[in-house]
Every structure is written in structure tokens, then in C-alpha cells.
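Undergrad: Once you've had a glance at the structure underneath, I'll fire off some questions.
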């Protein structure tokens, strides 16, 4: 089985300055990983128009709509860290995690990330991490079965 998260799917210094740019940046990593088609990235933006994916503790987890499931080829996630907060509907976001899950695999991925970020110290460590290697080590538990 392919890992849900690889170092190629992590950016330690994101370039986006808006919520929609950040969604696209995280989504393009999923496309590059061969996990989704470009249509899925459009669906990630579409979902955000109706339901915010802001989770608290600097975290947003954009993902596609139910209608976009056909655009997923394998389960994967991406992570983009921002040195400067992104305004996410009035909330500060420093970590954007894009998720694509086959079947209902995204639910397990979401729960692992939620556990990590429910601890403010761990959320702060993620926001403070400056290298791909450091972010990968902090998040590697998503690859465990």
C-alpha cells in the first residue's frame, strides 16, 4: 500500500496569501501525487463555499464534495505550512491539510489529524516547524495502520 503522506506532499513554506489560493496549493500537491484529478481541486474550492473546513488550532482541512469522489484515484493527503496566517473566514490558519480518501478512508485520516491538532502544543509545533522533514515526522502517524 502507498503511504497516505510522503515528503513530496509537504510544503514547509507555502506561497498562498488567500484561502482559495491555499486550497489550490494543497490540492495541486494531491494532483502531483497522482491521488486526484484536477477536477477534485475545483471541488475542494466548491465545498469551501458552502461549509468552512476550518478546524481550530491554526488548522484547515479542505477536501472535495461527495460528487467529486470519482476524481480520487487513491487515498492521500497533503500539507502546506504558512509562516504568515491565512485569513480563513475570520480565523487564522497556518496549516492546510488537503485530503482525498477512497471509499471512507478520509474519515480515518481526518480523525488522526484531529487528534494531533486537538493538543495545542502539537498544533503549535506544526505551525513552528520550518522543514519538510520536521513536518513529516510530526505527521507520520497518518501512515500507520
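The values are calculated or read from the model by the stated rules, or taken from the named source; none is laboratory data. Please read these numbers as outputs of a predicted model, since none were measured by experiment. Note that we place each Cβ from the backbone using ideal geometry, even for glycine, and neighbour counts take in every protein chain shown.
Condition check ((1) within 11 Å of the chain's Cα centre (by Cα); (2) at pLDDT below 95; (3) assigned to a helix (DSSP H, G or I); (4) crowded, with 16+ Cβ neighbours inside 10 Å) across all residues:
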| residue | (1), (2), (3), (4) |
| --- | --- |
| 30 | yes, no, yes, yes |
| 44 | yes, no, yes, yes |
| 49 | no, yes, yes, no |
| 68 | no, yes, yes, yes |
| 74 | no, yes, no, yes |
| 77 | yes, yes, no, yes |
| 82 | no, no, no, yes |
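Undergrad: When you go through 126, 55, 120 one by one, which is the residue that is under 15 Å from the mean Cα position of the chain (by Cα) and more than 16 Å from residue 12 (Cβ to Cβ)?
TA: Values: 126 fails: more than 16 Å from residue 12 (Cβ to Cβ); 120 fails: under 15 Å from the mean Cα position of the chain (by Cα).
Being under 15 Å from the mean Cα position of the chain (by Cα) and more than 16 Å from residue 12 (Cβ to Cβ) holds for just one of 126, 55, 120, which is 55.
Undergrad: Looking only at region 92-108, how many residues end up being closer than 21 Å to residue 42 by Cβ, in contact with a helix residue (DSSP H, G or I) (Cβ under 9 Å, 6 or more places away or on another chain) and either in a helix (DSSP H, G or I) or at pLDDT 90 or above (or both)?
TA: Qualifying residue count, region 92-108: 6.
Undergrad: Taking into account only those residues within region 51-66 that are in a loop (DSSP other than H, G, I, E, B) and surrounded by 15 or more Cβ atoms within 10 Å (Cβ to Cβ), which is modelled with the lowest pLDDT? Even if it seems obvious, please write down each step before you answer.
TA: Narrowing region 51-66 to residues in a loop (DSSP other than H, G, I, E, B): 51-53, 57-58, 61-62, 64-65.
Restricting the remaining residues to those that are surrounded by 15 or more Cβ atoms within 10 Å (Cβ to Cβ) gives 52-53, 57-58, 61-62, 64-65.
Working: 52: 95, 53: 93, 57: 93, 58: 94, 61: 94, 62: 95, 64: 91, 65: 88.
In this case the residue turns out to be 65.
Undergrad: Test residue 115 against the criterion of being under 16 Å from residue 33 (Cα atoms) and either at pLDDT below 90 or not in a helix (DSSP H, G or I) (or both), and give yes or no. Give the derivation first.
TA: On the way: under 16 Å from residue 33 (Cα atoms): no; either at pLDDT below 90 or not in a helix (DSSP H, G or I) (or both): yes.
Answer is no for this residue.
Undergrad: When residues of region 69-115 are filtered for being touching a residue at least 40 places away in the same chain (Cβ under 8 Å) and under 16 Å from residue 138 (Cβ atoms), how many remain?
TA: Counting residues in region 69-115 that are touching a residue at least 40 places away in the same chain (Cβ under 8 Å) and under 16 Å from residue 138 (Cβ atoms) gives 11.
Undergrad: Within region 2-15, which residues are surrounded by 19 or more Cβ atoms within 10 Å (Cβ to Cβ) and under 25 Å from residue 84 (Cα atoms)? It would help to see each step written out before you state the result.
TA: We begin by selecting, within region 2-15, every residue surrounded by 19 or more Cβ atoms within 10 Å (Cβ to Cβ); these are 4-5, 9-11, 14.
Those that are surrounded by 19 or more Cβ atoms within 10 Å (Cβ to Cβ) and under 25 Å from residue 84 (Cα atoms): 5, 9, 10, 11, 14.
Undergrad: Could you please find all residues in region 126-145 being assigned to a loop (DSSP other than H, G, I, E, B) and either surrounded by 14 or more Cβ atoms within 10 Å (Cβ to Cβ) or modelled with pLDDT of 90 or more (or both)?
TA: Filtering region 126-145 down to residues assigned to a loop (DSSP other than H, G, I, E, B) leaves 129-131, 144-145.
Correct list: 129, 130, 131.
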